[in-house]
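Shown next, in structure tokens, is the structure this report addresses.
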Amino acid sequence: MVEILASPIARPRLAMMVDRREVETITSDFVVQMIGFFSQRQAAFAGSRTAIVVKDDSGFGMGRMTELKSALENPASTIRVFRDYDEGVRWLTTQ
């Protein structure tokens, strides 16, 4: 992630797709650590958008926790969770 942030490809606006459909659901501890990483680098993530695509209700719940916690701690960037990959892509590529 640090290398991505340093890359000129990440500018002017970083848009990331996190496809979690084929992996286990993250834990609340992981969410806290991830949001902490973003918080320490708020300037690098300013204006960024991240779509998280999940496979089930458990993943969606953890994705919503990530989305809401990030909105409070990193308001200059946006995270949204999706159940549908194409919907996530549309959200990232419009606006």
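Just so you know, all these numbers are worked out from the coordinates, no wet-lab data involved. No experiment lies behind these values; they were computed from the predicted model shown. We place every Cβ from the backbone using ideal geometry, glycine too, and count neighbours over all the protein chains shown.
Calculated FRET efficiency, R21 to L68, Cβ-Cβ distance, R0 = 30 Å: about 0.90 to the nearest 0.05.
Quick check for me: using +1 on Lys/Arg Cβ and -1 on Asp/Glu Cβ, what's the dipole size of the chain about its Cα centre, in debye to the nearest 20? It would help to have the intermediate numbers written out before the result.
On the way: 12 positive and 12 negative charges, 79 e Å.
Taking the Cα centre of the chain as origin, the dipole is about 380 debye.
Here the simple spin-label model places points 7 Å from the Cα toward Cβ, and for V32 and S7 these points are separated by 3.1 nm.
In the range 1-66, taking the dipole from charged Cβ atoms about the Cα centre, the farthest positive-side position among L14, T27, S39 is held by L14.
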